[in-house]
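**Q** Attaching a single structure in structure tokens format; questions to follow.
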Amino acid sequence: MAGLNLRSVLVTGANQGIGLGFVKQLLEISNPPEWVFATCQDPAGERMQELQNLAAKHLNLVIVALDVTDPASIKAAAARVETHLKGSGLNLLINNAGILKLNTLESETPEDMAQVYATNVTGPLLAFLPLLKQAAQGSPQPGLSCSKAAIVNISSEGGSIQNVGGWRTVQIISYRCSKAALNMLTKCLALGYGGDGILSVAVHPGAVQTDMGNSISVQAPLTVEASVRGMLHVLCTLSEKHNGAFVNWEGEVLPW
């Protein structure tokens, strides 16, 4: 992964699925980051064993408690991360944490809409901006890149208003609406912080064989390893011309 030269990266929702896949592959590249921060709601909870095993083997991996729906938790996590970064800032934020409710138009509820929106949209809005600005300001690199300072929002083609991917299979109303909103947030972040040296992109990981992916597709075609490998290759190629873009794991631009 020669195109990525990261001192630090933070992945939300990192104890399983795509988030865990990112952590694994970032630790295995030939030039791994000095710090990989893997966040999850409860570091002592269930489904943590694989991430804990990785942390025992890799001293540059730090597990951080984070509830993306709780501003106090975000603030505490940022303070914990800062103790390791010591003023250098955060190069890459991968907003992967997300939830899905298997609701139809008839069964959707205001409560589920609010919960999904809080996790999938509001969390990425609030997270770690001061540390990203710090990295951008301290970088000698021109332009925009994931190695300098970047926000990568893991979105979904299900949020594409033009494509409305998979509608015949599953409706997932709150999830679709949240990903459409996340795409707009990505564009707003690009417009608002591109001038500060921060790149913002939304990435569709494909239909991936995770708990979430399998809940909406009987035969999700992509393995986590293949999806994450593809996304990391795409991140290597991103520059200022991609700021605010919506792309898939193969680098293809998707319609809003």
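**Q** Quick one: which residues, 5 or more positions from ALA150 or on another chain, have an amide H under 5 Å from its amide H? H modelled 1.01 Å from N in the peptide plane, none for Pro or chain starts.
**A** LEU92, LEU93, LEU199
**Q** Related question: Let me know the Kirkwood hydrodynamic radius for region 97-145, please, with Cα pairs as the basis and the value in Å to one decimal.
**A** 13.6
**Q** Also, quick follow-up: Please compute the Kirkwood hydrodynamic radius over region 109-177, one decimal place, Å, based on all pairs of different Cα atoms.
**A** 14.5
**Q** Students sometimes get this wrong: rank THR223, THR39 by accessible area, probe 1.4 Å, all chains present, largest first.
**A** The ordering from most to least exposed comes out as THR223, THR39.
**Q** Could you rank the peptides 243-251, 86-94 by their average count of other C-beta atoms within 10 Å per residue, with the highest value first?
**A** Going from most to least packed, we get 86-94, 243-251.
**Q** So, counting K/R as plus one and D/E as minus one, what does the shell of residues with Cβ under 12 Å around ALA118 add up to?
**A** Once all neighbours under 12 Å are counted, the net charge is -4.
**Q** Also: Give me D for the chain in µm² s⁻¹, whole number, from Stokes-Einstein with Rh from the Kirkwood sum over alpha-carbon pairs, 20 °C and 1.002 mPa s.
**A** It comes out at roughly 118 µm²/s.
**Q** For the chain, calculate the relative contact order in percent as a whole number, restricting contacts to Cα pairs under 8 Å that are 6 or more residues apart.
**A** Here the relative contact order equals 19 percent.
**Q** May I ask for the distance between the Cα centers of region 89-116 and region 129-156, given as a whole number of Å?
**A** For region 89-116 versus region 129-156, the Cα centre distance is 24 Å.
**Q** May I pose another question? Long-range amide H contacts for LEU61: which residues qualify at under 5 Å (H placed 1.01 Å from N, peptide plane, sequence gap of 5 or more or a different chain)?
**A** Here the answer is VAL36, since their amide H atoms fall under 5 Å of that of LEU61.
**Q** Would you mind listing how long region 146-256 runs along its three principal axes, going by Cα atoms, in whole Å with the largest first?
**A** 42, 27, 20
**Q** Under the rule a/c < 1.5 gives rounded, and otherwise a/b versus b/c splits prolate from oblate, where does region 47-135 land using the Cα gyration tensor?
**A** oblate
**Q** Next up: Could you give the spread of the C-alpha atoms of region 82-220 along their three principal axes, from largest to smallest, in whole angstroms?
**A** Projected onto its principal axes, the Cα set of region 82-220 covers 51, 27, 27 Å.
**Q** How large is the helix-only mean residue ellipticity at 222 nm for the chain, computed as the sum of -39500 (n - 2.57) over DSSP H runs with n ≥ 4, divided by its residue count, in deg cm²/dmol to the nearest 500?
**A** Helices in the chain give a 222 nm mean residue ellipticity of -11500 deg cm²/dmol.
**Q** I need the GluC sites (Glu not before Pro) found in region 92-160, filtered to DSSP loop residues with at most 15 other beta carbons within 10 Å of theirs.
**A** Here the sparse-neighbourhood loop sites are GLU106.
**Q** If I take every Cα pair under 8 Å that is 6 or more residues apart in region 158-198, average their sequence separation and divide by the length, what percent do I get for the relative contact order?
**A** Numbers: 21 pairs, mean separation 15.8, N = 41.
Result for region 158-198 is 38 percent.
**Q** Using the basic label-point model (7 angstrom from Cα toward the beta carbon), what is the MET48 to GLU252 distance in nanometres?
**A** 4.0
**Q** Counting pairs of Cα atoms in region 30-73, how many percent are more than 18 Å apart?
**A** The calculated P(r) of region 30-73 puts 33 percent of pairs beyond 18 Å.
**Q** Right, here's the next one. Listed here are the pairs LYS148/LYS179; LYS133/LYS179; LYS24/LYS86; LYS148/LYS241; which of them are more than 18 Å apart at the Cα?
**A** LYS148/LYS179; LYS133/LYS179; LYS24/LYS86
The values are calculated or read from the model by the stated rules, or taken from the named source; none is laboratory data. No experiment lies behind these values; they were computed from the predicted model shown. Cβ: placed from backbone, ideal geometry, glycine included. Neighbour counts: every protein chain shown. For the accessible areas, the whole protein counts, side chains as well, though only heavy atoms, and no ligand, DNA or RNA atoms are used. Shrake-Rupley method; radii C 1.70, N 1.55, O 1.52, S 1.80 Å.
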